[in-house]
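Since the structure comes first, as structure tokens, the remarks are kept for the end.
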Amino acid sequence: MTDPKFNLPRVAIVGRPNVGKSTLLNRLCGSRVAIVEPTAGVTRDRISVPARLSTPWGDRWIEVIDTGGVGIVDRDDLGPHVESQVQTAMQHADLVLFVVDVRDGMTPLDEHVAKLLRGKKIPILVVVNKVEGPSHEWEVEEFRRLGVSNDVFPISAQNGIGLLPLHERLGDLLPSAPEEKPDRGRTMKLAVVGRRNAGKSTLTNVLAREERMIVSEIPGTTRDAVDVVFERDGQAFTVIDTAGVRRRSKVEDAIEFFSDARSKKTIRRADVVILLFDVSQKMASVEKSLAKYAVDHHKPVILAANKWDLVGDRTPEDFREYLEAQLPSLSFAPIVYLSAKNKSGVEELLALSNELNTQAGNRVSTGELNRVLEKALEARSPSSKGHRVRLKYATQAEVHPPTFVLFVNDRRLIGKDYLRYLNNRIREELPFSEVPVRIVLRDKHSPEEGRRYEESSR
């Protein structure tokens with residue numbers, strides 16, 4: 001059951017809604033990985049992350065899998081989908097943490113979860129959460145009657161109480177775990193973003209070749225950013241499915257607020273952003289907002305036209321013209337026409353992601369860069385009111401994104417329009433044709449830091 005690719009024992013966290021499963025995940029991982037809200041049913045998909053387990057024998061690394069609440073009843077009627085994800089998590093786990101809430105006592109839903117767990121041929125630990133004082137200690141023993149394990153651990157995931165004995169028992173029961181976090185190599189991170197119901201979760205499942213995300217016609221099924229690691233031809237990828245973004249005026253509650261915030265955080269940490277469109281819908285402000293956010297952060301973007309099988313007589317050329325009109329700041333970004341549902345165009349999307357990541361990591365020599373820029377200055381000089389711009393020299397300072405520092409006589413002579421021109425020339429002449437680049441201007445007034453102009457073809 002241990003993941004053969006990364007050699008981490010898997011621990012699945014299960015239980016009814018709102019007992020503190022996501023809080024426990026965050027505690028075990030040492031960071032706020034999952035959204036925690038008092039509303040039942042926030043977590044719906046499987047969230048899998050590595051965690052460092054502290055034991056008397058030293059630190060060990062494990063994979064912790066958070067799951068949705070068993071028995072959830074919500075307006076979207078996603079309970080059966082959530083429960084299916086829970087069953088899958090348990091099938092692939094080396095150990096299960098069955099979380100209950102001491103404040104509520106043993107409930108019929110707890111007994112339902114216990115019934116699902118009985119007969120599993122893997123260790124099961126009952127974790128009694130929200131035990132925050134001696135007054136609850138006698139109530140902990142009640143949960144032994146669930147009949148799934150003699151191992152019962154009182155904890156407070158919120159306050160970090162009682163975790164050491166749990167860690168020690170995990171260390172006893174789990175298969176051999178590495179002492180250091182396994183090196184997964186430089187996994188390419190693909191952020192899948194877009195409006196609600198554009199097909200993001202379907203695309204994630206197709207890329208991963210497993211049903212990791214709940215797919216439903218109900219908009220807003222995915223609420224968190226979920227990392228899914230997979231391999232293709234020996235290369236590791238992390239595809240990050242995100243919650244669908246809505247206009248800010250329609251963000252109705254705290255869950256959606258955090259979902260939107262995490263979608264933007266996902267863009268910031270991505271190597272390549274896949275901006276997914278439903279071609280049967282008109283471009284909306286949310287796509288434009290996401291595009292701007294990606295451009296502002298100099299992220300390579302693929303414009304993914306999903307549900308292309310439903311487009312009718314519309315041609316790729318028609319849609320390209322439409323996108324260029326709607327998203328002029330991404331006129332250089334490649335477009336892929338696909339149907340995630342039918343699995344067409346998906347491998348092309350993955351190959352293109354590799355290509356963009358390579359472009360963003362390219363370096364050019366100082367000599368080649370200066371020749372291109374000098375040629376650009378000769379062809380078109382900026383409007384300078386009688387003053388001439390002189391380029392002393394330029395150099396590439398960074399990759400991901402490609403960043404170029406230009407030392408000039410007076411940076412004030414170069415405006416945004418001319419920066420855009422230089423930006424385009426760099427992409428045309430150098431191996432950065434489909435990715436954004438950054439230009440930093442320095443002059444004698446700013447020999448060290450200078451005033452930074454960041455041009456993103458806006």
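A few remarks follow.
- Taking I240, I161 and counting other C-beta atoms within 10 Å, the order from fewest to most: I161, I240
- Extension gain from E142 to E111, taking 0.36 nm per residue of separation minus the Cα-Cα distance: 10.0 nm
- Flagged links, alpha-carbon separation over 28 Å, of K264/K392; K392/K416; K265/K444: K264/K392; K265/K444
- With q set to 0.12, 0.14, 0.15, 0.27 Å⁻¹, the log10 of I(q)/I(0) for segment 366-442, from the Debye formula over equal scatterers at the Cα positions, is -0.29, -0.40, -0.46, -1.57.
- Fewest-first ranking of W61, W308, W138, using other Cβ atoms within 10 Å as the exposure measure: W138, W61, W308
- In Hz, Karplus ³J(HN,Hα) per residue of segment 162-174 (6.51, -1.76, 1.60; θ = phi - 60°; x = Gly, Pro): x, 7, 4, x, 5, 4, 4, 5, 4, x, 5, 8, 6
- Taking amide H atoms as placed 1.01 Å from N in the peptide plane, the amide H of V64 lies under 5 Å from those of V11, V49, A51, each 5 or more residues away in sequence or on another chain.
Readers should treat all values here as calculations from the given coordinates under stated rules, not as data from a laboratory. These numbers were taken from a predicted model, which means no experiment stands behind them. A quick note on method: Cβ atoms are made from the backbone with ideal geometry, for glycine too, and the neighbour counts reach across all protein chains shown.
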